[in-house]
1. E53 to M1: FRET efficiency via 1/(1 + (r/R0)^6), r the Cβ-Cβ distance, R0 22 Å, to the nearest 0.05?
2. Near F138, within a Cβ-to-Cβ distance under 14 Å, what is the net charge of the other residues, with Lys and Arg +1 and Asp and Glu -1?
3. All other residues with a Cβ under 15 Å from the Cβ of V106 taken together, and with Lys, Arg as +1 and Asp, Glu as -1, what is their net charge?
4. Starting from the Cα-Cα distance between E28 and T136, subtract it from 0.36 nm times their residue separation and give me the gain in nm to one decimal.
5. Taking amide H positions as placed in the peptide plane 1.01 Å from N, state which residues far from S109 in sequence (5 or more) or on other chains have amide H under 5 Å from it.
6. Could you work out the Kirkwood radius for the range 1-83, taking every pair of different alpha carbons, averaging 1/r and inverting it, reported in Å?
7. What does the convex hull of the alpha-carbon atoms of the range 17-64 project to on average, in nm²?
8. Sorted from largest down, give the three principal axis spans of the alpha carbons of the range 6-142, whole angstrom values.
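Each value in this text was obtained by applying a stated rule to the coordinates, not by laboratory testing. Bear in mind the structure is a predicted one, so any value in this text is a computation, not a measurement. As a convention, Cβ positions derive from the backbone with ideal geometry for all residues, glycine included, and neighbour counts pool all protein chains shown.
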Amino acid sequence: MSLVTEEIRAKASEVYNGDEICQAKSKELLREIELPNGLLPLHNIEECGIVRETGFVWLKQKKSITHKFDKIGKLVSYAPEVTAVVEKGKIKKLTGVKTKELLLWVTLSDIYTDEPPTGKITFKTPTGLYRSFPTTAFEVEEPAAKEPAAKEGAAASAAKEPAAKEAVAVKEA
């Protein structure tokens with residue numbers, strides 16, 4: 001059963017469909033609430049949305065995935081539907097996310113960073129148990145901005161032009 005009802009969808013300030021736009025919007029949202037951009041490494045996202053007035057967000061992917069955060073050696077499972085209420089530095093009422101502790105899968109309910117920032121991020125279960133890790137373990141290096149890449153591409157093609165002209169000159173001779 002989906003937690004995202006038609007009523008919630010109707011109240012949504014933003015609803016997006018398609019993996020590419022949903023990937024971009026989920027990373028944008030994480031930056032906006034000042035959390036690491038790699039917290040939601042979902043694949044094949046079909047729909048995402050946010051109700052700005054309440055902070056309720058949802059992400060729907062085709063199937064559940066398991067991701068290993070290599071820097072801390074933890075496995076995390078993401079259900080086909082992940083929902084939460086977000087605010088600056090916090091993800092609350094999280095559903096659809098579990099982490100493996102020893103041999104058990106444990107549900108996560110909250111994720112937050114300290115204020116003032118300490119470089120740590122804390123994951124809490126509904127029972128009140130929690131673990132903290134460095135925020136850097138959940139950062140993903142994003143590709144450089146499009147403008148510098150476009151300039152580099154233009155410079156590279158300009159550098160190739162003389163070589164192309166030389167090749168044409170050789171053929172004519």
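1. Values: r = 24 Å, r/R0 = 1.09.
Once rounded, the FRET efficiency stands at 0.40.
2. Values: positive: K27, R31, K68, K71, K74, K120, R131; negative: E34, D70, E139, E141, E142.
Value of the local net charge: +2.
3. Values: positive: K74, K98, K100, K124, R131; negative: E101, D110.
My count for the surroundings of V106 gives +3.
4. Values: separation 108, 0.36 × 108 = 38.88 nm, distance 1.72 nm.
Extra length from E28 to T136 when fully extended: 37.2 nm.
5. Result for S109 returns K124, T125.
6. Details: mean 1/r = 0.0753 Å⁻¹.
Taking the inverse mean of 1/r over all distinct Cα pairs, the range 1-83 comes out at 13.3 Å.
7. Working: hull surface 12.8 nm².
Taking the Cα atoms of the range 17-64, their convex hull projects to 3.2 nm² on average.
8. Largest to smallest, the principal-axis extents are 39, 34, 33 Å.
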